[in-house]
Structure formats: structure tokens, C-alpha cells
Amino acid sequence: MTCLRLYAFAIILLLTPLTALSARAENDAVPQTTVTVKDIAGRDVQVKVPVSRMLLGEGRQLYLIASLDRENPLERVVAWRNDLIEADPATYRQYLDKFPELAKLPTFKGNEGSLIDIESAIVKKPDVVLLNLEAKQANEDAQYVEKLASLDIPVLYIDFRHYPLQNADPTIRLLGKIMGREERAEDVISFRRQAMARVEDVLAKMKPDRPKVFIERIGGYTEDCCLSFGAENFGKYVDLAGGHNIGSDFLPSTFGQLSPEQVVVSNPDHVIVTSADWQAYVPGGRWIPVGPNADLDASRKKLEWYTLRDAYAGTTAQNKRNFHAIWHQFYNSPYEFIAVQWIAKWLHPDLFADLDPDRTFAEYHKRFLPIGYQPGYAVSLDTQAP
């Protein structure tokens with residue numbers, strides 16, 4: 001966006017009657033206090049709290065906002081990126097059924113690391129813009145953060161994607177702080193820690209062998225093999241679930257790609273495919289439509305194709321049919337503890353026979369989310385497996 005256009009938007013904003021700036025004028029009546037908060041990038045940012053107008057740089061940030069404000073999660077949102085609509089259509093439909101006004105919420109396009117839609121940010125005049133940490137470099141290079149700051153629109157960086165185990169709790173507390181939901185944020189954090197402890201405590205006591213696991217990232221989104229995770233995100237989830245993530249041996253960052261030959265030589269005991277309903281991106285693709293209310297028989301049939309990939313020829317995973325699929329959105333949400341529980345059951349079924357990730361997630365929905373729980377987030381070729 002050119003400086004001329006930027007200033008044109010600013011002028012439009014200033015000339016627009018106050019009553020037309022927002023359909024949420026009633027929210028603006030809530031007294032606000034300016035506080036300084038530290039975001040996940042370590043920046044000290046002044047924000048007027050409680051915020052009543054939020055622009056979501058990623059639509060999936062709704063997962064947390066709804067957890068903190070289950071009664072009316074859309075009340076504070078003035079615009080959002082369209083990724084949840086396209087990448088997680090089943091969840092979108094659930095929220096749309098519950099909150100039909102969601103269909104009218106302004107959207108904009110982009111990806112995790114892209115520039116913010118600065119025109120929407122200016123016109124909507126939010127109290128805060130939430131951006132993923134990976135978008136920091138692009139927005140700094142374009143000086144968008146400074147431009148928004150000059151219009152008294154602060155930007156906060158959050159993170160569930162690159163270092164989720166390190167940054168999830170601080171992100172939840174940060175959102176709790178600016179939304180005036182601090183006690184609720186602590187309840188969410190407490191639930192997450194108890195769910196993780198269900199796995200950690202057993203592993204610490206029993207100290208089982210760690211089977212080798214290859215995570216095939218975004219199965220069906222591309223034809224490439226073999227995208228995976230390094231020592232973070234799903235790589236860390238494998239470690240916390242009592243396995244050894246093969247990608248951690250080779251990939252220096254959170255995401256990366258191994259050659260099929262390297263996977264064969266590494267001989268995984270288990271292969272876990274992260275996937276979802278990506279009809280919007282890859283119509284008719286080999287993606288596995290795990291997610292809320294998924295048909296698990298249909299998902300299991302699509303998972304069969306992955307056993308035939310060259311990367312798994314002759315491996316222990318292929319010989320024992322240890323193939324599993326799991327909802328990809330666990331990689332970028334406050335729900336990663338559910339993924340850890342699923343992986344633990346697959347790797348150590350005897351140790352976690354009484355652990356039920358579906359029950360854990362259903363309880364989370366009951367306590368924190370405005371939508372009902374619909375199972376379907378994970379499937380295994382072994383029909384006796386969880």
C-alpha cells in the first residue's frame with residue numbers, strides 16, 4: 001500500500017462520523033484503561049483494555065477467543081482472515097450454526113506469514129490487531145506496524161505455531177489480559193496442564209522405550225513427500241507422548257522436508273499423517289478429512305493410500321500397519337494437549353488404555369467453548385486402536 005493510499009484511508013477514517021465507525025457502539029461505552037503489555041515477540045505495547053474491537057490476523061485465533069468468551073466470542077471481532085473458513089470448514093459451520101451473524105463478518109485473504117490487511121485494519125479501527133509471530137518479519141519490513149501505531153492501532157504478536165509449548169500459556173494470558181478475562185485464562189491453562197500431566201506422569205513413572213515416529217505434515221495438501229516437523233510443534237508432541245520424532249534428527253527448524261530415502265533408512269515404527277478437509281484448497285485431493293464430525297471409515301480408507309508411498313517401503317510402520325491420521329489444526333491452536341494424548345495412546349496403548357482424548361476434548365468443549373463436541377479428530381488403520 002502506498003503512503004498516499006494509507007493517508008487517504010486515515011483521512012476517510014477521521015472524517016467518518018463516529019456513529020458510522022462501528023456497529024458495536026455499545027461496546028465502546030465500556031470504560032477502558034490504557035495498560036502496557038508484553039507480547040510474544042517481547043515487545044512492550046500500550047493497549048486500551050478491555051478491548052472491544054479486535055482484528056484477527058488469522059481466523060483460527062477464534063479457537064482461543066471463543067475459549068475465553070464462550071457467551072459471545074464474536075462481540076469483539078470486527079474482521080478476520082478467511083483461513084478458518086477454508087482450512088477448517090467443519091468448525092466454521094459449527095460456529096455459523098451457533099452465531100449466524102458470523103457470515104457477515106468482514107474477511108480478508110492471506111497466510112500465516114503474510115502482511116496484515118492494512119486497509120481493513122484502518123477502516124475498522126480496532127483496539128488491537130492480533131498477528132501470528134511468523135508474520136512479524138513481513139510486517140516489519142513493510143513498516144505496517146509503525147503505520148498502524150501512528151493511527152493509534154496497536155499490534156500484538158501471539159504464537160501457537162512455532163513454539164507452542166513455550167508460548168501457548170503466555171498467549172492465553174495475554175489475550176485474557178486484554179479481554180478482561182484473566183481468571184478464565186487461568187482456568188484454560190489449568191485444564192491444559194492437567195491434560196498434559198495425564199501423559200507426562202505415566203511416562204515419568206514407567207519410562208517405556210521410545211518408538212521412532214515420522215510425522216507426514218499436511219498429507220494431501222501437496223503431492224510432495226516428505227514434509228515434516230523438526231523438534232518443535234508436532235515434533236515436540238511426539239516427544240511428550242513418549243516417542244522419538246525422526247524429523248528432530250535432521251530438521252533445524254520447526255518445519256522442513258526429508259527425502260523419501262532418508263525416511264526409509266530411518267525406519268519409522270509409526271507414521272502419523274497430519275491432515276484435514278482441504279476441499280477448498282485441493283479439490284478431490286488425497287487429504288484425510290479428520291476433524292469435527294468426520295466420517296472415520298472414509299478417513300481410514302484414504303489413510304490406506306499412504307502405506308504405499310515409497311518413503312515407507314519395507315519399514316516397521318508398513319509391516320505392522322502403524323499408520324495414523326490426526327487433525328492438522330492441532331499444530332496451530334490451544335488444543336495441542338489433545339494431540340499429545342492421541343499420540344501417546346498410539347505409541348503406548350498398554351500404558352494409556354484408560355486415557356480417552358475424545359472425552360478430554362468433549363470436557364474442554366463443555367467447560368470452555370460455545371459449540372458442542374463432535375468426535376472425528378483422529379483415526380488409525382488398526383481398528384482396535386483408539
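The values are calculated or read from the model by the stated rules, or taken from the named source; none is laboratory data. A quick note: this is a predicted structure, and the numbers were derived from the prediction, not measured. For neighbour counting, all protein chains shown are included, and Cβ atoms are generated from backbone atoms with ideal geometry for every residue, glycine included. When the accessible area is computed, the model is the full protein with side chains, heavy atoms only, and any ligands, DNA or RNA have been set aside. Shrake-Rupley method; radii C 1.70, N 1.55, O 1.52, S 1.80 Å.
Restricting attention to region 56-85, and to residues there that are more than 15 Å from the chain's Cα centre (by Cα) and of a type outside the set (A, V, I, L, M), which single residue is surrounded by the fewest Cβ atoms within 10 Å (Cβ to Cβ)? Among those that are more than 15 Å from the chain's Cα centre (by Cα) and of a type outside the set (A, V, I, L, M), it is E71.
When region 130-145 is filtered for residues that are touching a residue at least 12 places away in the same chain (Cβ under 8 Å) and part of a helix (DSSP H, G or I), the ones remaining, listed by number, are L133, E134, A135, K136, Q137, A138, N139, Y144. The set of residues in region 146-177 being assigned to a helix (DSSP H, G or I) and either open to solvent by 70 Å² or more (accessible area, probe 1.4 Å) or touching a Pro at 6+ places or on another chain (Cβ under 7 Å) (or both) consists of E146, S150, Q166, A168, I172, R173, K177.
Could you check region 366-383 and list, in sequence order, the residues that are within 15 Å of A339 (Cα to Cα) and open to solvent by less than 40 Å² (accessible area, probe 1.4 Å)? Residues satisfying the conditions are G376, Y377, A378, V379, S380.
For region 178-208, a tally of residues being of a type in the set (G, A, S) and outside any helix (DSSP H, G or I) returns 1. Within region 235-287, the residues that satisfy the criterion of being assigned to a helix (DSSP H, G or I) and within 24 Å of Q166 (Cα to Cα) are G235, K236, Y237, V238, D239, L240, I246, G247, S248, D249.
Just name the residue that is nearest to the chain's Cα centre (by Cα) out of those in region 292-332 that are among the polar types (S, T, N, Q) and open to solvent by 10 Å² or more (accessible area, probe 1.4 Å).
Result: N293.
If you take the residues of region 200-211 that are open to solvent by 70 Å² or more (accessible area, probe 1.4 Å) and not hydrophobic (A, V, I, L, M, F, W, C), which of them is nearest to the chain's Cα centre (by Cα)? My answer is E200. So D127 ticks every box in (1) more than 18 Å from R43 (Cα to Cα); (2) open to solvent by 10 Å² or more (accessible area, probe 1.4 Å); (3) touching a residue at least 24 places away in the same chain (Cβ under 8 Å) but one. Which box is left unticked? Unmet for D127, out of (1) more than 18 Å from R43 (Cα to Cα); (2) open to solvent by 10 Å² or more (accessible area, probe 1.4 Å); (3) touching a residue at least 24 places away in the same chain (Cβ under 8 Å): (1).
Restricting attention to region 357-378, the residues that are of a type in the set (D, E, K, R) and in contact with a strand residue (DSSP E or B) (Cβ under 9 Å, 6 or more places away or on another chain) total 1. Y221 falls short on exactly one of the conditions (1) modelled with pLDDT of 95 or more; (2) touching a helix residue (DSSP H, G or I) at 6+ places or on another chain (Cβ under 9 Å), and that condition is (1).
If you check A103 against the conditions, is it crowded, with 19+ Cβ neighbours inside 10 Å and hydrophobic (A, V, I, L, M, F, W, C)? Here the answer is no, as A103 does not meet what is asked.
Just to verify a result, which residue in region 182-199, among those that are within 20 Å of Q341 (Cα to Cα) and touching a residue at least 40 places away in the same chain (Cβ under 8 Å), is most open to solvent (accessible area, probe 1.4 Å)?
Taking region 182-199 as the starting set, the residues that turn out to be within 20 Å of Q341 (Cα to Cα) are 187-199.
Right, trim to touching a residue at least 40 places away in the same chain (Cβ under 8 Å) and you get 187-188, 191-192, 195-196, 198-199.
Details: D187: 64, V188: 0, F191: 23, R192: 15, A195: 7, M196: 18, R198: 110, V199: 0 Å².
Among them, the one singled out is R198.
Counted as qualifying within region 30-127 are the strands (runs of 3 or more DSSP E) with 3 or more residues that are at pLDDT 95 or above and β-branched (V, I, T), namely 33-38, 44-49. Once region 116-144 is narrowed to residues that are more than 23 Å from the chain's Cα centre (by Cα) and of a type in the set (A, V, I, L, M), the residue that is nearest to L174 (Cα to Cα) is I122.
Listed residues A168, A197, A149; which is of a type in the set (G, A, S) and modelled with pLDDT under 95?
Values: A168 fails: modelled with pLDDT under 95; A197 fails: modelled with pLDDT under 95.
Selected residue: A149, the only one of A168, A197, A149 that is of a type in the set (G, A, S) and modelled with pLDDT under 95.
Restricting attention to region 213-242, the residues that are among the aliphatic types (A, V, I, L, M), closer than 18 Å to E200 by Cα and open to solvent by 10 Å² or more (accessible area, probe 1.4 Å) add up to 2.
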